[in-house]
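Here's the structure, in structure tokens; my notes come after.
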Amino acid sequence: MIAAILFASAALLGVNPACPPLTPQNVFIAWASNDATCSIGSPAPCIAGVPVQFIPVGFGYDFSCSVHTFAWDFGDGFKDSNKNAVHAFSSPGAYVVTLTIAAPSGSVVLREPIVIDPHRAPRRRSVQH
């Protein structure tokens, strides 16, 4: 009886009782540039002007178990509210991308550092005659 009451109360609040708590241990930010020159865990910096895709990833957490809101802050004045975000940093530097994920059961703030190098000039091939 108590379980049924808790389940009904959770349903009224929009909380799925089967949804685990949202914590920094069960979600993280994954990212990679569109040109595949940089990604999370890679020592290569990203290039200014090249779009980088950012996505929240569950590690033992399922985003479909509840309604979530997403607030991205790229550390350079730009923000996004989509679950998956794409951003091109216009200036070189070290940034911290912050993602705030909110669910009926609570919220979590994730931070991910990213290094952006200046635009690279295209390589010219030397022609031997």
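Please treat every number below as a calculation from the coordinates, not as lab data. These numbers come from a predicted model, not from an experiment. Heads up, the Cβs are rebuilt from the backbone with ideal geometry, glycines too, and the neighbour counts pull from every protein chain shown.
How do 46-58, 72-84 rank on mean C-beta neighbours within 10 Å, highest first?
Taking the mean over residues of other Cβ atoms within 10 Å, the ranking is 46-58, 72-84.
To one decimal place, what Kirkwood hydrodynamic radius in Å is obtained for segment 19-117 from all pairs of distinct Cα atoms?
13.8 Å
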